[in-house]
Amino acid sequence: MNKKMIQQAKKLQQDMLKMQDEIGSSTVEGTSGGGAVKVVVNGKLKLESISIAEEVVDSNEIEMLSDLILAAVNEGISKSQEEASKKMSSLTGGLNLPGF
């Protein structure tokens, strides 16, 4: 490899590390039940918060509430993964690099 290619590879590596930090600190919101349940998931796929509207809490509806939470968490994780993929794709020019 020539010197220019090595410099470009180092720059790409630095940019990828920076992008991974940005992804890790980003957050997305997932909702279900028309907004009755909201979750916030960070770029590291960790659930940060859950918000449940008072009108959906009823002791007779625990199963429904569990389903709403599950749907909201899964939506939040899916959105977080999509956002990470978009950001990494913009950095790598659409190349499918293993592990990114």
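Listing for the model above:
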{"item": "Test: residue in segment 19-31 that is surrounded by 14 or more Cβ atoms within 10 Å (Cβ to Cβ), under 12 Å from the mean Cα position of the chain (by Cα), under 26 Å from SER78 (Cα atoms) and hydroxyl-bearing (Ser, Thr, Tyr)", "result": "yes"}
{"item": "Conditions (1) at pLDDT 80 or above; (2) out of contact with any helix residue (DSSP H, G or I) (no Cβ under 7 Å at 6 or more places or on another chain): number failed by GLY93", "result": "(1)"}
{"item": "Residue within segment 48-56 that is among the aliphatic types (A, V, I, L, M), buried (at least 17 other Cβ atoms within 10 Å of the Cβ) and modelled with pLDDT of 85 or more present", "result": "no"}
{"item": "Per-region count, segment 57-69, residues closer than 30 Å to SER26 by Cβ and surrounded by 13 or more Cβ atoms within 10 Å (Cβ to Cβ)", "result": "4"}
{"item": "Some residue of segment 16-28 being more than 23 Å from SER85 (Cα to Cα), in contact (Cβ under 8 Å) with a residue 12 or more places away in the chain and not aliphatic (A, V, I, L, M)", "result": "no"}
{"item": "Pairs, first closer than 15 Å to LYS79 by Cα in segment 40-68, second part of a loop (DSSP other than H, G, I, E, B) and hydroxyl-bearing (Ser, Thr, Tyr), C-beta under 6 Å, six or more apart", "result": "GLY43/SER26"}
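Okay, residues lined up against (1) among the hydrophobic types (A, V, I, L, M, F, W, C); (2) under 19 Å from SER90 (Cα atoms):
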residue	(1), (2)
LYS18	no, yes
ASP21	no, yes
GLY34	no, no
LYS38	no, no
ASP58	no, no
MET64	yes, no
ASP67	no, no
ALA72	yes, no
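Quick grid of which residues meet (1) in contact with a helix residue (DSSP H, G or I) (Cβ under 7 Å, 6 or more places away or on another chain); (2) modelled with pLDDT of 85 or more:
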position: LYS3; (1), (2): no, yes
position: GLN8; (1), (2): no, yes
position: GLN14; (1), (2): no, yes
position: GLY24; (1), (2): no, no
position: GLY34; (1), (2): no, yes
position: LYS38; (1), (2): yes, yes
position: LYS46; (1), (2): no, no
position: ASP58; (1), (2): no, no
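The values are calculated or read from the model by the stated rules, or taken from the named source; none is laboratory data. Small disclaimer: the values here were computed from a predicted structure and weren't measured. Cβ sites come from the backbone with ideal geometry, for glycine too, and all protein chains shown count toward neighbours.
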